[in-house]
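Notes follow the structure.
The values are calculated or read from the model by the stated rules, or taken from the named source; none is laboratory data. No experiment lies behind these values; they were computed from the predicted model shown. Don't worry about glycine lacking a Cβ; one is built from the backbone with ideal geometry, like all the others, and counts go over all protein chains shown.
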Amino acid sequence: MPASVPLPNQAPDHVRTRGPDPSCPPAIETRCLRRTFKGGVEAVRGIDLSVAAGEVFGFLGPNGAGKTTTVRVLCTLLPATAGSARVAGIDVLAHPAEVRRHIGVALQEIGLDPLQTGRELLELQCGLYGINGSAARARAQELLELVGLTEAAGRRTATYSGGMKRRLDLASALVHSPDVLFLDEPTTGLDPAQRPPVWVEGRRITSGGTTFFLTTQYPEEADRLCDRLAIIDEGRIVAAGTPEQLKSELGHDVVSVALDGADVAATEDAMVALPGLERVVAERDALALYVEDGPASIAEIVRRLESRRIRVGAIALARPSLDDVFLRATGRRLEGEQGREP
Amino acid sequence: MNEILLLGRRAVREVVRLPAATVPTLFIPLFFLAVNIGQVSKTFPSSTSFLHGQGYVGFQLPVSLMFAVCTATSGLALVTEIDLGYFDKLLVAPIRRSSIIFGRLVADLVRGIGVAAAVLLVGFAFGAHMRSGVGGALVVVLVAALWGVAYAGIGMLVALHTRNVQATNASFLVFFPLLFLTPNFVPFDRLTPLMEALARANPVSYVIEGLRSLVLEGWVVHKLAICLAIIVGTGLVLTWLSVRAIERYDR
């Protein structure tokens, strides 16, 4: 994918700055936002958010946490039941049509027309945003180059792979250089090998100063992409901050002891007063020990287990992940987690 | 207007690229045309008063035209887009929601002209001829296509309210009572009193009568005017309901 193609809202290299701009009003702001569906299902239960202009903000949570509903409210696809929301400084409920001019949206379900070619789809999208004729053709070409689909541009989108469809969907959300870009679970459904290219694309796009609201159920994705994130569970925000802040609140290192049938209580008991131990979290088949100095603790952990004749499985050392943060906040691990970061 | 043209062009492209969605809709009208002519032609020879000197094919041709243009194709296209998520993409674009409906109607008009022309040509091959001439043939095709546009609202309404492919597909069945409670086989005065009353109360009867007059009688202005008035009225009501449904979608 050529890097020389101008990106949405992209400033020249010598003046480009990435990250939030505190001098601007928030790009997204919600107060006590609620959405209740028919039947009384409360998908969003009072969310307060403030996302700075130019910020990459993530919403991390499992399926059914309320991420997509929040995005649909902010994108004007669903009305809020209560509370307020402003996007790009515009009241979402009072002026939805005006909000739509300022946002780009790539929803979890890839919204492509299978009978159109990639180029036709982008040119149509341009037309819907008031870009017509040669300007539309030029913009479509520019975006096809940006997402590396120039060669497939003449093929119907039904023939595209999942990754290609996702990239085209992303491109179609960018035709009008939106101020705020919503990406709802951009890599869900893609196999792990297909996710990093999407992250790279996201990072390149945000380097132009577009505010980026991303939802994901993958901690690694949130960690790699977001300046700041909120962890959402059962319609409420349970933790918020930068990825580093959230992880550092847990401690320094995590030593994970696979129980392999060993007694949880006995293993936990063996770790009492372990030097540098900050927290112990018992999981279904492992014990997570949050310690100040992981490498130094491992020898002591092994010695204690041996002295009590407790046979365990593998012992692994890692830095705390956002999944650990989620575990601490909710008592559960995230669904879809593929494994702890190395 | 620009967005309607853009969405209309896309929908027409869809019709062209997916002939499998249009060609089968020709099967039933042509099948009925052939079977009905085969069964009834001897009963109603060309000397029959209501045939105005033509064979029975001329009497049946408008019914087949109605069959051909009344489909749930736009409704199915809409519900498929809802399923695929492309509908949401259109809803978050800064366009009037009604343009999604009107874009679909553009495709219905083009499809209607195509299938009506095809049925008319088959009718000619079976021996029908236009009493109103070439101009009448063109008007028949256009009027039939316009009825298809007017009727398309039913499929779109069901699609928007149910968001279900099966329900939208089944909405096509609504047309059977509408089509058969008409003077489709014989004129009003040869129906039983009850059937005649039902047929006279059914607006579709007058659309058939209008089309039939162009085939059998020539330019009968009052029949054509009633036919057009019913098409316009039906179109306005169903399109208004569809637009209202899309404006209220998830609101």
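For the structure I just gave you, tell me whether B:Pro19 is within 14 Å of another protein chain (Cβ to nearest Cβ), within 24 Å of the chain's Cα centre (by Cα), at pLDDT below 95 and surrounded by fewer than 21 Cβ atoms within 10 Å (Cβ to Cβ).
Details: within 14 Å of another protein chain (Cβ to nearest Cβ): yes; within 24 Å of the chain's Cα centre (by Cα): yes; at pLDDT below 95: yes; surrounded by fewer than 21 Cβ atoms within 10 Å (Cβ to Cβ): yes.
Judged against the criteria, B:Pro19 is a match.
When you scan segment B:40-53, do you find a residue that is modelled with pLDDT of 90 or more and under 30 Å from A:Leu124 (Cβ atoms), even just one? Scanning segment B:40-53, I find no residue that is modelled with pLDDT of 90 or more and under 30 Å from A:Leu124 (Cβ atoms), so the answer is no.
Here is a yes/no grid of residues against (1) under 28 Å from A:Ala239 (Cα atoms); (2) without any contact (Cβ under 8 Å) to a residue 40 or more places away in the chain:
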| position | (1), (2) |
| --- | --- |
| A:Asp263 | no, no |
| A:Val280 | yes, yes |
| A:Ala296 | no, yes |
| A:Ile301 | no, no |
| A:Ala314 | no, no |
| A:Ala318 | yes, no |
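Listed by first and then second residue, the pairs with beta-carbon distance under 7 Å, at least 6 apart or on different chains, first residue in segment A:148-164 and within 14 Å of chain B (Cβ to nearest Cβ) and part of a loop (DSSP other than H, G, I, E, B), second of a type in the set (Ser, Thr, Tyr) and surrounded by 16 or more Cβ atoms within 10 Å (Cβ to Cβ), are A:Gly154/A:Thr117; A:Arg155/A:Thr117. Of all residues in segment A:178-195, none are touching a residue at least 12 places away in the same chain (Cβ under 8 Å), out of contact with any strand residue (DSSP E or B) (no Cβ under 6 Å at 6 or more places or on another chain), within 26 Å of A:Gly89 (Cα to Cα) and small (Gly, Ala, Ser). The criterion of at least 2 residues that are within 12 Å of chain A (Cβ to nearest Cβ) is met, among helices (runs of 4 or more DSSP H) falling completely within segment B:42-99, by B:73-84, B:86-91.
B:Glu3 satisfies every condition listed in (1) part of a helix (DSSP H, G or I); (2) more than 14 Å from chain A (Cβ to nearest Cβ) except (2). Inside segment B:199-251, residues that are farther than 17 Å from B:Ala159 by Cβ, assigned to a helix (DSSP H, G or I) and charged (D, E, K, R) make up a count of 4.
For the criterion of being closer than 30 Å to A:Leu121 by Cβ, crowded, with 24+ Cβ neighbours inside 10 Å and at pLDDT below 90, B:Ala72 passes. Evaluated against (1) touching a His at 6+ places or on another chain (Cβ under 9 Å); (2) on the phi < 0 side of the Ramachandran plot; (3) without any contact (Cβ under 8 Å) to a residue 40 or more places away in the chain; (4) not hydroxyl-bearing (Ser, Thr, Tyr), A:Gly276 falls short on exactly one condition, (2). Residues of segment A:63-105 that are surrounded by fewer than 16 Cβ atoms within 10 Å (Cβ to Cβ) and more than 10 Å from every other protein chain (Cβ to nearest Cβ): A:Asn63, A:Gly64, A:Thr81, A:Ala82, A:Ser84, A:Asp91, A:Leu93, A:Ala94, A:His95.
Hey, any hits in segment A:267-290 for a residue that's within 30 Å of A:Phe182 (Cα to Cα) and of a type in the set (Phe, Trp, Tyr)? Taking every residue of segment A:267-290 in turn, none turns out to be within 30 Å of A:Phe182 (Cα to Cα) and of a type in the set (Phe, Trp, Tyr).
For every residue, the table says whether it meets (1) at pLDDT 95 or above; (2) within 25 Å of A:Glu201 (Cβ to Cβ).
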{"position": "A:Met1", "(1), (2)": "no, yes"}
{"position": "A:Val15", "(1), (2)": "no, yes"}
{"position": "A:Val41", "(1), (2)": "no, no"}
{"position": "A:Glu55", "(1), (2)": "no, yes"}
{"position": "A:Gly61", "(1), (2)": "no, yes"}
{"position": "A:Leu74", "(1), (2)": "yes, yes"}
{"position": "A:Gly83", "(1), (2)": "yes, no"}
{"position": "A:Gly89", "(1), (2)": "no, no"}
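Could you grab the pairs with beta carbons closer than 7 Å, sequence gap of 6+ or different chains, first residue in segment B:220-231 and more than 15 Å from B:Tyr151 (Cβ to Cβ), second one of a type in the set (Phe, Trp, Tyr)? As it stands, the answer is B:Ile226/B:Tyr206, since those pairs meet every condition given. A residue that is farther than 25 Å from B:Gly53 by Cβ and assigned to a loop (DSSP other than H, G, I, E, B) cannot be found anywhere in segment B:108-128.
Scanning segment A:106-121 for residues that are among the hydrophobic types (A, V, I, L, M, F, W, C), more than 25 Å from the chain's Cα centre (by Cα) and more than 7 Å from every other protein chain (Cβ to nearest Cβ) gives a single hit, A:Leu121.
Taking segment A:167-191 as the search range and keeping residues that are at pLDDT 90 or above and among the β-branched types (Val, Ile, Thr), which one is farthest from the chain's Cα centre (by Cα)? Here the residue is A:Val175. Test A:Ala314 against the stated conditions and say whether it is loosely packed, with under 15 Cβ neighbours inside 10 Å, among the small types (Gly, Ala, Ser), modelled with pLDDT of 85 or more and more than 20 Å from A:Asp263 (Cβ to Cβ). Answer is no for this residue.
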